[in-house]
Each structure stands twice: as C-alpha cells, then as structure tokens.
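Engineer: Quick one: the structure is below, questions incoming.
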Amino acid sequence: MRVNKKVLAACVAAITAGAMVSNVCATEPVVKGPEAVHDWYEAGRTFVEESKNLQRNHRRAKNVILFVGDGMGVSTVTASRILDGQLKGRPGEENRLFFETLPYLALSKTYSWDQQTSDSAPTMTAMVTGYKAREGMLSVNHTTKRFEGDANVIAANSLETILEQAAKAGKDTGVVHFDDGHVRITADLPKKVDWDQKRLAEITQRISANGDDPSEYVEISYRISETKFNAWPESLKSAFAPARTLKTGKPGFRLALLQE
C-alpha cells in the first residue's frame, strides 16, 4: 500500500500535538488558588447580601478631597489588582484594591472635545468645571484657540472651577503637591477677601453704641480676620456679611527639583 508522506507527517504531528495537550492539561498549574468552587459561590453570595444591607449616607460632607489617578483605565486597574494580590502571596485575580472596597463606584469615559484620547488639561477641566474642552486647554471653553495669548480673550472664555466656587462660598481651599519624575509641582489657589470699609465703619459704630468694644471684632484698618469671622455665631456673621466680598486669589505654581 502506498502512503502519502505529507498525510503521514500531518497525522504524526496531530498525534504528537494531542499528546502534548494531554500532558499540559495533566500538569499541575504553576499558580494554584486556595478557593474551591464553593468558596467562589459563597464570596459572591456574601457580596450580594452585604450590598443589600448598605445604608445610604444622608449626612452632609464637611470637607471634599479629590484624588485623581492619571491613566487608570480598566486594563491598568486590572493589572494593578492582580499584582497587588500576588505580592500578598495569592494568585491575584481574587484581590480587591482599596478603592474597590468603597460602597459606591462608577466608571467614566474620558475624551476631549476634539480628541479621543485626551491629555491631562481638558480632563481636569472637565472634572472641576463640568465642561468638555479642547486638547491642551485648561479651564477655558472649546472656542478658545490653541496657543491663544490674548489675556482678554482667555478671561472671556474662562470657566469657573469648583475651587473658585468653594472660595466664593467661604470655604477654604488648599495647596496640592505632586511629583512627576524628579520635579515637584505645587499648585496653590488662595482666596482673597475684600471688605466694604464704609459699611464696616457703620457696623462698628453700632457695636460701640451697644456698649461693646469694636476692636474685639474689627481691626484698626477696618479689615476682619477670616479666622475670627468664621468663628462668630451666625447672628453676628449675618450683620457683617453685607460688607464682605469674597474673590479668588491669583493661582500660583512652583517647580522644584527633587533629590535623586
């Protein structure tokens, strides 16, 4: 009987591959998880029951801290979750990062007005203003041209941030430091308060007429310390409020080289 060499070679290759697959399937996995199928079922059931018992938090937040993890897409978070679990001596996939244990989570799509993959400027602009801007543009609307140098145009197209809104509402805003390689970037947005001198003079006269000492509340220059103002009772603050105008201070940025 005449045998085709090509057919014979293919058959041998198939048998060999089958044997290899069989050996691979029979080999113990390099990484073995401690869980059984029942453990996975129980973990899922427990998660559902705990979610059902979650009570809504109706309390009013006193402070807000916004943490932004740059480039934290689904694939990056998945890789981080697995690595973190493996560093703890486990397989990794079953692990949960800290923020994944928080009661409320959500996904958001990030793209700018004129580009699918946005850079940090329009991304942060969207976060703090609610406005989708152009690439390379920070806190200005999408009608602003790239590399626009006219201060009047920039001012006309500027967008108010949540920091500026917080400052207008009398909230304190802080300084944020973050490192990029060997460079430390400091962003500062101080608040600026102006007081109506004429109204302050009238208020201090009324305080004196009531037998109280105006110097306990008002400085000689008719300027009031923000610390004192925030510590007053509402009845007293409401009397001074008409003389108080809150403005956003000039943002400041500093670059500092970090030691290697």
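Engineer: From the phi of every residue in the stretch 118-128, what ³J(HN,Hα) in whole Hz does the Karplus formula 6.51 cos²θ - 1.76 cosθ + 1.60 yield, where θ is phi - 60° and glycine or proline is x?
Structural biologist: 7, 8, 5, 5, x, 5, 5, 4, 5, 5, 9
Engineer: In addition: Order 76-84, 122-130, 157-165 from most to least packed using the mean count of other Cβ atoms within 10 Å.
Structural biologist: 122-130, 157-165, 76-84
Engineer: Moving on to the next point. On a full-extension model of 0.36 nm per residue, what is the gain between PHE67 and GLU49, subtracting their alpha-carbon distance, rounded to one decimal in nm? Provide the component values of the computation, followed by the final result.
Structural biologist: Numbers: separation 18, 0.36 × 18 = 6.48 nm, distance 2.93 nm.
Extending this stretch completely gives an extra 3.6 nm.
Engineer: Now for a separate question. Can you list residues whose amide H is under 5 Å from THR248's amide H, if they're 5+ apart or on another chain and H is modeled 1.01 Å from N?
Structural biologist: The answer is LYS192.
Engineer: For the stretch 59-71, just list the computed ³J(HN,Hα) in residue order, Karplus coefficients 6.51, -1.76 and 1.60, θ = phi - 60°, integers in Hz, with x standing in for Gly and Pro.
Structural biologist: 6, 7, 6, 8, 10, 10, 10, 9, 9, 10, x, 5, x
Engineer: Can you give me the long-range amide H partners of VAL140? Hydrogens built in the peptide plane at 1.01 Å from N, cutoff under 5 Å, separation of 5 or more residues or another chain.
Structural biologist: Result for VAL140 returns LEU159.
Engineer: Report the charge-dipole magnitude of the stretch 69-165 in Debye, nearest 20, computed about the Cα centre from +1 at each Lys and Arg Cβ and -1 at each Asp and Glu Cβ.
Structural biologist: With Lys and Arg at +1 and Asp and Glu at -1, about 260 debye.
Engineer: Toward the positive end of the charge dipole of the stretch 109-159, about the Cα centre and with charges on Cβ (Lys, Arg +1; Asp, Glu -1), which of ASN157, GLN115, THR143 goes farthest?
Structural biologist: GLN115
Engineer: Put +1 on the Cβ of each Lys and Arg and -1 on the Cβ of each Asp and Glu in the stretch 66-107; which of GLY89, PRO103, THR76 then has its Cα farthest toward the positive end of the dipole?
Structural biologist: The residue sitting farthest along the positive end of the dipole is GLY89.
Engineer: Turning to a different aspect of this structure: So what J values fall out for the stretch 45-56 if you push phi through Karplus, 6.51 cos²θ - 1.76 cosθ + 1.60 with θ = phi - 60°, rounded to Hz, Gly and Pro as x?
Structural biologist: Result, ordered by residue: 5, 5, 4, 5, 5, 5, 5, 5, 8, 5, 9, 5 Hz.
Engineer: Still on this structure: Rounded, prolate or oblate: which fits the stretch 103-214, taking a ≥ b ≥ c as square roots of the Cα gyration tensor eigenvalues, rounded meaning a/c under 1.5, else prolate when a/b beats b/c? Spell out each step's value before the answer.
Structural biologist: Details: a/c = 2.67, a/b = 2.12, b/c = 1.26.
Because a/c hits 1.5 or more and a/b exceeds b/c, the stretch 103-214 counts as prolate.
Engineer: Once amide H atoms are built 1.01 Å from N in the peptide plane, which residues 5 or more positions from TRP195, or in another chain, come under 5 Å H to H?
Structural biologist: Placed amide hydrogens put THR245 under 5 Å from TRP195.
Engineer: Give me the net charge for the shell around GLU50: Cβ to Cβ below 14 angstrom, other residues only, Lys and Arg +1, Asp and Glu -1.
Structural biologist: Here the charged neighbours net out to 0.
Read the figures in this text as sums done on the coordinates, not as results from a lab. Note that this is a predicted model, so its numbers are computed, not measured. Heads up, the Cβs are rebuilt from the backbone with ideal geometry, glycines too, and the neighbour counts pull from every protein chain shown.
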